[in-house]
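Here the structure comes first, spelled out in structure tokens, and everything after it is commentary.
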């Protein structure tokens with residue numbers, strides 16, 4: 001591969017690179033300002049833990065936006081679910097199964113997932129089958145859930161800091177298990193690389209030179225190992241981050257390797273062409289918004305466990321963070337394109353700004369201003385580079 | 001300087017990275033004439049027109065253009081300056097705001113403002129004046145989206161004229177028009193000519209040059225091949241200039257032997273799904289194995305509605321029945337049509353046929369994912385292998401299957417749409433205006449492909465607005481008029497006149 005080819009490749013993947021460059025730049029700036037304090041294992045650990053709730057919402061939001069939709073209710077849905085989870089923890093399981101914290105936590109997770117999914121289905125039905133615009137249905141959903149939160153809490157704060165339940169968002173893996181996991185991931189990456197080369201050869205396609213594949217796999221393997229090394233210096237691999245990673249991998253796989261995912265992108269890319277290709281648009285939209293509900297439910301459990309309480313302000317504004325993460329990560333607001341990976345990096349950028357600005361003791365008002373500016377500037381840069389590559 | 005020359009294009013060269021779009025182009029346009037510009041897709045016509053209308057400003061190309069004897073220097077907000085000087089372009093894709101009235105559209109951006117508010121009475125009276133002067137048959141208060149394509153185009157022309165256009169560039173104005181509308185447009189152009197407006201007329205329909213133009217300039221591969229008086233040309237000669245080789249025939253001879261009847265449509269009626277209006281009022285025909293059945297008819301005669309209804313993606317069939325291999329079938333949607341072996345290449349490939357931002361591969365496999373997919377997995381290697389097979393068979397010209405469909409030329413895009421439907425293994429392939437807006441060479445390839453498919457035993461239903469094409473390609477022709485079938489002609493009896501009489505409902 002010569003340089004012009006390299007340049008071409010770079011331009012083609014500019015969106016992926018830009019956001020990673022932006023992330024590194026933001027980290028760099030904070031590292032300098034905080035004299036390296038930003039890279040303390042404790043801070044890195046908290047940073048990743050902080051992004052998880054938004055992360056779950058962003059993973060679902062990518063698919064929603066890819067179909068050309070939007071979901072404004074996810075923040076409040078996660079909030080509502082967190083309150084429901086807290087209520088179950090404090091009031092229901094405490095009476096039914098008082099001395100089984102682990103079982104109680106597992107049951108709470110199930111209840112939360114069901115609540116999220118059901119509300120997702122309710123909205124999905126109206127959007128897909130009654131053809132009311134998603135913007136309006138979910139705006140309504142936001143109000144409804146806000147009322148739901150007030151009703152469920154009665155205006156009070158509900159404790160959700162029981163031992164088993166707290167583990168979900170505040171637990172850490174034993175460092176040894178963390179290392180085993182890290183090495184396993186690397187092994188899987190290498191195995192996948194060779195498996196993909198084998199099938200490519202079987203079908204007689206041209207193979208990329210092996211050093212390219214090795215470089216790519218090596219890079220990601222290194223990232224995983226460095227990450228495990230750093231967080232192990234604090235408390236170990238964070239349970240919520242692991243859950244988010246698993247979820248992201250599954251949804252990412254589904255989005256590229258199943259009909260469900262392909263259809264979502266096709267619908268967002270050109271709804272009419274998708275319809276005439278025999279795709280059941282209503283069913284697909286129903287599934288996408290239902291999945292969004294499920295992921296909001298999971299986000300809600302993690303939120304309750306993370307905060308340790310169910311409060312009336314739970315989930316406030318999270319929907320906007322999720323949408324911002326997707327946009328930062330290159331998801332088109334018009335539908336048809338976007339990746340889970342990008343959205344997660346976007347969520348990480350938002351979280352990085354948060355922690356960095358907090359460390360610098362910037363007043364909350366200015367934190368909002370700066371986050372808003374970063375979002376808009378990022379999109380301006382993106383638009384500029386897209387023009388260039390055309 | 002010759003007084004009669006309004007545009008003098010001298011040695012214009014325009015290069016893009018990696019490709020020379022215009023290579024030393026020179027020709028002259030006479031004042032007040034209709035000047036045809038002809039060439040295959042990619043010949044450089046559109047690039048040249050973009051230079052004339054200021055899309056590419058003065059410093060982005062080499063060479064000189066003289067307009068009324070003066071050097072044309074369009075810089076800065078060049079599109080605006082071109083309009084000020086009286087050069088206007090009517091694009092293939094119409095540029096009107098659908099929700100606004102004709103008057104609002106014509107005065108968009110130059111509304112007469114008095115004391116801070118728009119004088120709407122003047123807008124509409126001035127609009128009416130322009131419409132009257134050029135005999136344009138639209139009403140100033142009509143909402144644009146309710147108009148047909150033909151009237152939208154008139155609005156677009158009126159808009160250009162309202163800006164005192166001296167040179168009007170029409171880029172494929174007839175590609176979406178019915179025969180009647182084309183005739184009307186020709187009349188309008190004649191009126192413009194009488195008013196001294198110069199027109200540059202671009203089209204893919206060869207016969208239109210002979211109907212309307214005074215001179216024709218032929219372009220090929222970014223160069224001017226020739227400029228000649230139209231009366232000295234024949235269509236054979238023109239095509240020869242365009243493709244640079246002798247084309248013996250426009251329609252390749254097939255070796256088709258239609259077999260037994262496999263599909264019957266018996267007196268079907270259907271309603272528009274949104275408005276509830278009856279659009280099909282008794283259509284009957286049958287289709288034989290390995291046959292090409294042409295469907296002719298004017299715009300609005302229900303051709304597209306008929307095939308979309310058969311495909312299950314339009315209104316409900318209220319009366320009548322369809323039989324496949326003698327067995328009555330019902331089709332609820334596109335998916336069930338495919339299961340019955342019926343595929344549809346839709347009318348508008350960009351709007352209905354392709355997901356433009358997605359790769360060729362994903363476009364081809366989209367309706368066929370079921371065969372590669374289990375519940376949790378798509379076998380992407382098999383998907384690629386199978387798609388590659390069709391891409392090769394149809395000779396889609398592309399560096400790889402991973403480039404987005406929007407990067408292809410019209411003809412190749414159409415091949416992608418055809419590939420995706422061939423992969424579904426149809427017994428009946430419905431093609432709605434399959435060669436619309438693609439160049440002569442690509443058309444020929446599509447025709448050849450249709451012949452091959454029919455020879456393999458696939459039955460084809462082809463809608464076409466091009467009468468010569470219907471006659472050239474079909475075994476039989478069904479003519480539609482006002483939502484019903486108004487007669488089926490054997491090819492031996494089909495003439496343009498007979499088709500038109502049936503289509504207009506005179507007979």
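So here's what we get for this one:
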quantity	calculated
Qualifying positions in the stretch A:86-122 - within 12 Å of residue A:296 (Cβ to Cβ) and surrounded by 19 or more Cβ atoms within 10 Å (Cβ to Cβ)	A:112, A:113, A:115, A:116, A:117, A:119, A:120
Residue in the stretch B:141-149 that is modelled with pLDDT of 85 or more, surrounded by 14 or more Cβ atoms within 10 Å (Cβ to Cβ) and touching a helix residue (DSSP H, G or I) at 6+ places or on another chain (Cβ under 7 Å) present	yes
The stretch B:331-348, subset assigned to a loop (DSSP other than H, G, I, E, B) and touching a helix residue (DSSP H, G or I) at 6+ places or on another chain (Cβ under 8 Å), residue nearest to the other protein chains (Cβ to nearest Cβ)	B:346
For residue A:181: the one exception among (1) touching a residue at least 24 places away in the same chain (Cβ under 8 Å); (2) under 30 Å from residue B:389 (Cα atoms)	(2)
Any hit, the stretch A:205-216, residues being more than 28 Å from residue A:61 (Cα to Cα), part of a helix (DSSP H, G or I) and touching a residue at least 24 places away in the same chain (Cβ under 8 Å)	yes
Among (1) surrounded by fewer than 17 Cβ atoms within 10 Å (Cβ to Cβ); (2) modelled with pLDDT of 90 or more - the single one residue B:215 does not satisfy	(1)
Set A:245, A:274: member being assigned to a helix (DSSP H, G or I), within 14 Å of chain B (Cβ to nearest Cβ) and at negative phi	A:274
Number of positions in the stretch A:296-329 that are surrounded by fewer than 24 Cβ atoms within 10 Å (Cβ to Cβ) and not in a helix (DSSP H, G or I)	7
Selected residue (criterion: surrounded by the fewest Cβ atoms within 10 Å (Cβ to Cβ)) from residues of the stretch B:438-449 that are part of a helix (DSSP H, G or I) and in contact with a helix residue (DSSP H, G or I) (Cβ under 8 Å, 6 or more places away or on another chain)	B:441
From the options B:207, B:278, B:264, residue that is farther than 30 Å from residue B:457 by Cβ and in the same structural domain as residue B:300 (by TED's automatic domain parsing)	B:278
Sole exception among (1) in contact with a helix residue (DSSP H, G or I) (Cβ under 9 Å, 6 or more places away or on another chain); (2) assigned to a strand (DSSP E or B); (3) touching a residue at least 40 places away in the same chain (Cβ under 8 Å) for residue B:226, by number	(3)
Total residues in the stretch B:261-318, condition over 17 Å from residue B:347 (Cβ atoms), within 14 Å of another protein chain (Cβ to nearest Cβ) and touching a helix residue (DSSP H, G or I) at 6+ places or on another chain (Cβ under 9 Å)	0
Hey, residue A:74 in contact with a strand residue (DSSP E or B) (Cβ under 8 Å, 6 or more places away or on another chain) and at pLDDT 90 or above or not	no
Filter pass, residue B:407 being modelled with pLDDT of 90 or more, within 13 Å of another protein chain (Cβ to nearest Cβ), under 17 Å from residue B:356 (Cβ atoms) and out of contact with any strand residue (DSSP E or B) (no Cβ under 6 Å at 6 or more places or on another chain)	no
Residue A:344 vs. criteria modelled with pLDDT of 90 or more, in a helix (DSSP H, G or I), away from every other protein chain (no Cβ under 14 Å) and over 26 Å from residue A:242 (Cβ atoms)	no
Search result, residues across the stretch A:104-123 that are more than 30 Å from residue A:133 (Cα to Cα) and in contact (Cβ under 8 Å) with a residue 60 or more places away in the chain	A:104, A:105, A:108, A:109
Residue that is within 14 Å of chain B (Cβ to nearest Cβ) and modelled with pLDDT of 90 or more, where the choices are A:232, A:280, A:257	A:280
Residue check, residue A:177 within 28 Å of residue A:240 (Cβ to Cβ) and in contact with a helix residue (DSSP H, G or I) (Cβ under 9 Å, 6 or more places away or on another chain)	no
Meets criteria (assigned by TED's automatic domain parsing to the domain that holds residue A:334, without any contact (Cβ under 8 Å) to a residue 40 or more places away in the chain, within 21 Å of residue A:120 (Cβ to Cβ) and not in a helix (DSSP H, G or I)) for residue A:250	no
Exclusive hit being more than 19 Å from the chain's Cα centre (by Cα), buried (at least 16 other Cβ atoms within 10 Å of the Cβ) and more than 14 Å from chain B (Cβ to nearest Cβ), set A:358, A:367	A:367
Residues of the stretch B:119-137 satisfying the condition of being outside any helix (DSSP H, G or I) and within 22 Å of residue B:84 (Cα to Cα)	B:134
Some residue of the stretch B:244-260 being surrounded by fewer than 17 Cβ atoms within 10 Å (Cβ to Cβ), in contact (Cβ under 8 Å) with a residue 12 or more places away in the chain and not in a loop (DSSP other than H, G, I, E, B)	no
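A quick yes/no check of all residues on (1) touching a helix residue (DSSP H, G or I) at 6+ places or on another chain (Cβ under 6 Å); (2) free of Cβ contacts under 8 Å to residues at least 24 places away in the same chain; (3) facing chain A (nearest Cβ under 10 Å):
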residue: B:350; (1), (2), (3): no, no, yes
residue: B:355; (1), (2), (3): yes, no, yes
residue: B:358; (1), (2), (3): yes, no, yes
residue: B:363; (1), (2), (3): yes, no, yes
residue: B:372; (1), (2), (3): yes, yes, yes
residue: B:375; (1), (2), (3): no, yes, yes
residue: B:391; (1), (2), (3): no, no, no
residue: B:397; (1), (2), (3): yes, yes, no
residue: B:401; (1), (2), (3): yes, no, no
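The values are calculated or read from the model by the stated rules, or taken from the named source; none is laboratory data. All of these numbers come straight from a predicted model, not from anything done at the bench. As a convention, Cβ positions derive from the backbone with ideal geometry for all residues, glycine included, and neighbour counts pool all protein chains shown.
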